[in-house]
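Presented below is the structure to which this report refers.
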Amino acid sequence: MGSGKLAELPVLDLSRMALGPIERNHFLAELRQTAHGIGFFYLTGHGVDPVLVHDILATSRRFFNLPIQDKLAIEMLHSPHFRGYTRVGMERTRGLPDWREQIDIGAELPARPMDTGLESWWWLQGPNQWPAALPELKSLVLRYQAAVTDVAIRLVRAFLAALDQDEHTFDAIFNPHPQQLIKLIRYPGRESTEGDQGVGAHKDGGFVTMLLQDVQNGLQVDYEGEWISAPPIPGTFIINIGELLEMASDGYLRATVHRAVTPPPGTDRLAVGFFFGACLDASIPVLSLKSELAAEMRGVTVDPLNPMFHDTGKNQMKSRLRSHPDVAQRHHAALLS
């Protein structure tokens, strides 16, 4: 995918991986071209149950419709693990408030005993907070998490195959406990004169992100300095590459900057983001690509405001500390210096 204007994101069908070697190779060639170019695409053929997709969106709506006191009962400020509910304006991107409310849910694992001298990023492992007013949310989200994790693993292996690598190269660094962050998100509408930052321009930090959108548009992708709109397409996920694949491929794959703009007054936008990454104690290797691909490596993006680290835990903690300064100040003040 070379220079020039791009009107919309491409659509790729993951089921082609299982249609025999010829169709698989055609799919991998498309995937490589897309990933090296814009790094964003719609995914069909993923196999996630459409009933589960419907239910996660409908139950997200029910959560956001709860009285504020029920949502604040699981406010992220209570969690040293950065789990729970965040009010509108309390998460930040590049220092500016994001106009959205959300609940962050990770892998359901016990907290590590931090008095044993462990690295500070082990604080990112721990229990989730679940709303007592919506008890069915837990089992539903964990079922959804398992389904999208399966797709994300298939995608990571497909990216490796597209780069002529052993598709199981990364299995050891996302087993037994990969990073599995789900964000249930609601963007309230507001007047454009009040600003349009639903979430500010940024890159994602893991291997891949899978975004499920409801019906309202809002996602925009930066392609060669222009913002491309990515409206919802029923039955699809939007996939984008994270910083871990950029580092592993030395920039052949590039994590793409994107943002969400607020919807118009009187409307809102629902989305469910799934962010799949490596284990917290993993270190991201640099792949040895064949010469024709290595010639197109662009190096890792240099951004003083967003340094990238091959140590997964360090990369993740960096992101959480800057995104949630209130949680960082309450639970991790010693790390802020």
**Asked** Does any residue in the range 31-49 that is among the β-branched types (Val, Ile, Thr) come within less than 7 Å, Cβ to Cβ, of a residue that is assigned to a strand (DSSP E or B) six or more places away or on a different chain, and which pairs are these?
**Response** 34/12; 34/41; 38/221; 38/223; 44/11; 44/13
**Complete:** If we ask which residues in the range 139-153 are more than 16 Å from the chain's Cα centre (by Cα) and either outside any helix (DSSP H, G or I) or surrounded by 15 or more Cβ atoms within 10 Å (Cβ to Cβ) (or both), their number turns out to be 2
**Request:** Report those helices (runs of 4 or more DSSP H) wholly inside the range 1-81 carrying at least 1 residues which are within 16 Å of residue 157 (Cα to Cα).
**Result:** 21-36
**Request:** Specify which of the listed residues (159, 174) is out of contact with any Lys or Arg (no Cβ under 9 Å at 6 or more places or on another chain), crowded, with 18+ Cβ neighbours inside 10 Å and aromatic (Phe, Trp, Tyr).
**Result:** 174
**Asked** Of all the residues that make up the range 185-241, how many are hydroxyl-bearing (Ser, Thr, Tyr) and under 26 Å from residue 50 (Cβ atoms)?
**Response** 4
**Request:** Among the residues of the range 93-129, count how many are assigned to a helix (DSSP H, G or I), hydrophobic (A, V, I, L, M, F, W, C) and touching a residue at least 12 places away in the same chain (Cβ under 8 Å).
**Result:** 4
**Request:** Hey, can you tell me all the residues within the range 207-224 that are farther than 19 Å from residue 58 by Cα and in contact with a helix residue (DSSP H, G or I) (Cβ under 6 Å, 6 or more places away or on another chain)?
**Result:** 207, 208
**Request:** Spot the failing condition for residue 257; the list is (1) closer than 13 Å to residue 40 by Cα; (2) touching a residue at least 60 places away in the same chain (Cβ under 8 Å), and only one is missed.
**Result:** (2)
**Request:** Could you please let me know if residue 209 is among the polar types (S, T, N, Q) and assigned to a strand (DSSP E or B)?
**Result:** yes
**Prompt:** With 211, 184 as the choices, which residue is in contact (Cβ under 8 Å) with a residue 12 or more places away in the chain, surrounded by 22 or more Cβ atoms within 10 Å (Cβ to Cβ) and closer than 21 Å to residue 7 by Cα?
**Reply:** 211
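All of the numbers you see were taken from the coordinates with simple rules; none came from a lab. Computed from a prediction, not measured in an experiment: that's the story for all the values here. In this analysis, Cβ positions are derived from the backbone assuming ideal geometry, glycine residues included, and neighbour counts consider all displayed protein chains.
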